[in-house]
Each structure stands twice: as structure tokens, then as C-alpha cells.
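A quick write-up on the structure given underneath.
The values are calculated or read from the model by the stated rules, or taken from the named source; none is laboratory data. Keep in mind it's a predicted model, so treat the numbers as computed, not measured. Backbone-built Cβ (ideal geometry, glycine too); neighbour counts: all protein chains shown. Heavy atoms of the whole protein, side chains included, go into the accessibility calculation; ligands, DNA and RNA do not. Shrake-Rupley method; radii C 1.70, N 1.55, O 1.52, S 1.80 Å.
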Amino acid sequence: MKAYACFETNGASRYLTALCQHFGTKVDVQFDAQKGWVNFLFGRCEFTADDQCLELCVSAEDQVRLNKVIQIVSNHLDRYAFRESPNLVWQPSEQPPSD
């Protein structure tokens, strides 16, 4: 199962880096300024940053695990981007929607 959300921000790369560095103290991560991923024991989150948006794509084997990944990633992004008050709207998705 997969879900997708986009956080519109000029600080996407900064948030991607901060989240991956934070999660990297506990789980496997890989990242650069534009792309990254975090492997939790129960699912995965992939990040893509550009000048206007931090795209988040989460995946897990079932809805319970997917919800857990969504909750953890959302809560941490809320803490890091508290000045921008991210309000992520998660959509079920196999791939991010194209414009």
C-alpha cells in the first residue's frame, strides 16, 4: 500500500535533510539535497524536494503499518516545520500525481 502527500514550502531540501538525519540515528536512510528515503521496520518513506514542494511517498504492507509511517513522518515534519504549519493531505497512490 502507498500514500502520497506534498508539503508546499521553499525549505523542502532543508526539511528532507533534517528528517533523514534525525531518522538516520535509528534506522537505515539515504539522502542528498533532492531525494531521500527512510526504511522503518514497518514501512518506508521516500522524499523528493524541489524549489516549491517536499513530496512524501510512504509505503507499507498493510493499512495499519501505512498509518504508522504516515503518523511518524507527519509528526516529525510538524515539529521541524512548525513555523509553516504543514497540513499534509495524504492520498492513496501508486505514484505521485502528475501535473
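To the nearest Å, what is the center-to-center distance of region 13-42 and region 47-63, using C-alpha atoms only?
Result: 11 Å between the Cα centres.
Any idea what the dipole of region 1-74 comes to, in debye rounded to 20, about its Cα centre with Lys/Arg Cβ at +1 and Asp/Glu Cβ at -1?
About 280 debye.
What Kirkwood hydrodynamic radius, in Å, does the chain give when the mean of 1/r is taken over all pairs of distinct Cα atoms and then inverted?
It works out to 13.2 Å.
Fully extended, how many nm does the chain gain between L41 and H22 (0.36 nm per residue separation, minus their Cα-Cα distance)?
Taking L41 through H22 to full extension adds about 5.3 nm, to one decimal.
Per residue, how much accessible area does the chain have with a 1.4 Å probe, in Å²?
Per residue, the chain has 63 Å² of solvent-accessible surface.
Along the Cα-to-C-beta direction of V64, a point sits 7 Å from the Cα; which residues of region 18-47 have their amide N less than 18 Å from that point?
Output list for this probe position: 40-44.
Build a GNM of the chain with springs between Cα atoms under 10 Å: which of R79, R65, R14 gets the top mean-square fluctuation?
Per the Cα network of the chain with a 10 Å cutoff, R79 tops the list.
Ignoring ligands, DNA and RNA, what percent of the accessible area of the chain is carbon or sulfur (1.4 Å)?
Here it works out to 46 percent.
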